[in-house]
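Let me begin by presenting the structure, written as structure tokens, before commenting on it.
The values are calculated or read from the model by the stated rules, or taken from the named source; none is laboratory data. What you are looking at is a predicted structure, and each value in this text was computed from that prediction instead of being measured. When we count neighbours, we look across all protein chains shown, and the Cβ atoms used for this are built from the backbone with ideal geometry, even at glycine. Calculation scope for accessible area: heavy atoms of the full protein, side chains included, ligands and nucleic acids excluded. Shrake-Rupley method; radii C 1.70, N 1.55, O 1.52, S 1.80 Å.
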Amino acid sequence: QRFYTLKKGDVEFLVLDSNYMSPEQLAWLQKQLKDSNAKWKIAYFHHPLFSDGKFHGSDLDLRARLLPIFQSAGLNLVLSGHDHLYERLKPQDGIYFFVLGSSGQLRPHDLRRAPDIASGDDTDRTFMLMEIAGDNLYFQTINNKGATVDSGSYARQNFGGQNTAK
């Protein structure tokens, strides 16, 4: 399947094909999110809605299609790649965004360091560990030398107010 869900406990992952966001996929996504009773809803796909990478950057067309759906459904977190760097953005419209594209070929000094970046690295390959425990998500991003380049936690949003990273 080009798009599907995975559910583990209180977490539902929505896997999307951002190469072609067909009307069928959009309708499926809206229904999945509407029918979901998961405490945590996490979407992941290739092209980032928000990115400060110079080479690719944000996919504005995809953002226009997906962000309203994500906002109305209370999506918590979006994981993407495409830009060959790591970045954690400040919450956008109450949703947490990570770009995890630095495990392959790097593009050093591709990160603009704009004000909406909470943390970023474009000089080392990285990977991320995440754990969800109840209403908290914990993350740690580690580079190829074993050093932590970013870590923290997020509280699950209630979508009546804004939460921030700790």
Number of positions in segment 39-54 that are in a loop (DSSP other than H, G, I, E, B) and open to solvent by less than 10 Å² (accessible area, probe 1.4 Å): 3
Within segment 74-87, track down each residue that is over 10 Å from ALA43 (Cβ atoms) and surrounded by 24 or more Cβ atoms within 10 Å (Cβ to Cβ). ASP83, LEU85, TYR86, GLU87
Which strands (runs of 3 or more DSSP E) does segment 95-166 wholly contain that include 1 or more residues that are under 19 Å from ALA43 (Cα atoms) and modelled with pLDDT of 80 or more? 95-100, 126-133, 136-143, 148-155
For LEU60, are the conditions met, namely being under 19 Å from THR5 (Cα atoms) and surrounded by fewer than 20 Cβ atoms within 10 Å (Cβ to Cβ)? no
Quick check: anything in segment 55-77 assigned to a loop (DSSP other than H, G, I, E, B), of a type in the set (A, V, I, L, M) and either closer than 26 Å to ASN158 by Cβ or touching a residue at least 24 places away in the same chain (Cβ under 8 Å) (or both)? yes
What is the number of the single condition among (1) more than 15 Å from the chain's Cα centre (by Cα); (2) open to solvent by less than 50 Å² (accessible area, probe 1.4 Å); (3) small (Gly, Ala, Ser) that SER103 does not meet? (2)
